[in-house]
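Asks: This is the structure I have questions about; it appears just below.
Read the figures in this text as sums done on the coordinates, not as results from a lab. The structure presented is a predicted model; accordingly, all values stated were derived computationally and were not measured. Positions of Cβ are backbone-derived with ideal geometry, glycine not excepted, and every protein chain shown enters the neighbour counts.
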Amino acid sequence: MSELSDVIDTTRRVARRGAQTSANLALRDAHVEAVARELFITLGYAGATIEEISRRASVAKRTLYKSYGGKAGLFALVIRSTADPEPMWLRVTTADSAEDALNAVAASILVGPAAQRGIDLMRLIIAEAPSQSELARETHLNGRIGALKSITKVFERLIQRGLLPACDPAVAAETFADTVIGSMLLLRLACYESDLEQRIAARVRHFIRTLDRL
């Protein structure tokens, strides 16, 4: 009986160590990614050296190469980890109007700290596109496809709730992405910061007024 208890105790200790190791690795991954993101954004791809990433993250260069694929692997990791963790359609469940819901969707992409990180990464992708053409193309296509899927769900939900007239939600989503978000995104990429929410609201109102033409 004591041998069985010893085996159980040993198994539990190993499991606890395994869980702790996984948690520690997850924390390390998040820290390394955050450090790499900050350096890539502030210094550019060429200026962010693997030595500086190693120093600031307190992780050996050997580990950065082995676990993350070096600087190129870290750059790809940073660029690919920009997905929105909260599906946009969840934000319309309590909106009182289509205008409120669409303002919230646009603002989530264009305004605030999380939006700023995404815009900083877009600038980085544009700057590095000549030397990272495949990654830039992949990021653009996947980012647009993912955004359109989420925005389409927004329109499906708003139509179901009777907050918008019946229309093709996919067409509405693409038109909204191009005319409202796209036009404002160009301003944000050019470092325009003034009256963002007012400009978004004006574009959303105009979009809703012309929705019956789609």
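Asks: Given the C-alpha atoms of the range 88-213, compute the convex hull and give its volume per residue in Å³. Walk me through the numbers on the way to the answer.
Replies: Details: hull volume 12.7 nm³, N = 126.
Normalising the Cα hull of the range 88-213 by residue number yields 101 Å³.
Asks: Arrange Thr139, Thr93 by Cβ neighbour counts within 10 Å, fewest through most, would you?
Replies: Thr93, Thr139
Asks: Apply the Karplus curve 6.51 cos²θ - 1.76 cosθ + 1.60, θ = phi - 60°, to the phi angles in the range 63-68 and return the couplings in whole Hz, x for Gly and Pro.
Replies: For the range 63-68, the Karplus curve yields 5, 4, 6, 6, 8, 10 Hz.
Asks: So what are the ³J(HN,Hα) numbers for the range 48-55, from phi and the Karplus equation (6.51, -1.76, 1.60; θ = phi - 60°), rounded to whole Hz, Gly and Pro as x?
Replies: Values, residue by residue: 7, 8, 5, 5, 6, 4, 4, 5 Hz.
Asks: What FRET efficiency comes out for the pair Arg144/Thr21, r = Cβ-Cβ distance, R0 = 35 Å, nearest 0.05? Spell out each step's value before the answer.
Replies: Numbers: r = 38 Å, r/R0 = 1.08.
Approximately 0.40, to the nearest 0.05.
Asks: Would you mind calculating the relative contact order of the range 88-213 from Cα pairs under 8 angstrom and at least 6 residues apart, reporting the percent as a whole number?
Replies: Averaging sequence separation for qualifying contacts and normalising by length gives 35 percent for the range 88-213.
Asks: Then there's this: Please compute, for the alpha-carbon atoms of the chain, the extent along each of the three principal axes and give them in descending order in Å.
Replies: Dimensions of the chain along the principal axes of its Cα atoms: 74, 53, 29 Å.
Asks: What is the sum of charges, Lys and Arg at +1 and Asp and Glu at -1, for the other residues whose Cβ falls under 14 Å from the Cβ of Ile200?
Replies: -1
Asks: Another question about this same structure. In a shell of Cβ-Cβ distance under 14 Å around Gly182, excluding Gly182 itself, what net charge do Lys and Arg (+1) and Asp and Glu (-1) give?
Replies: Neighbourhood net charge equals +2.
Asks: Can I ask one more? Can you give the Kirkwood hydrodynamic radius of the range 46-154 from its Cα pairs, in Å with one decimal?
Replies: So the Kirkwood estimate lands at 15.9 Å.
Asks: Nearest 10 degrees is fine. How inclined is helix 196-209 to the longest principal axis of the chain, computing both from alpha carbons?
Replies: For 196-209 against the chain, the angle is about 50 degrees.
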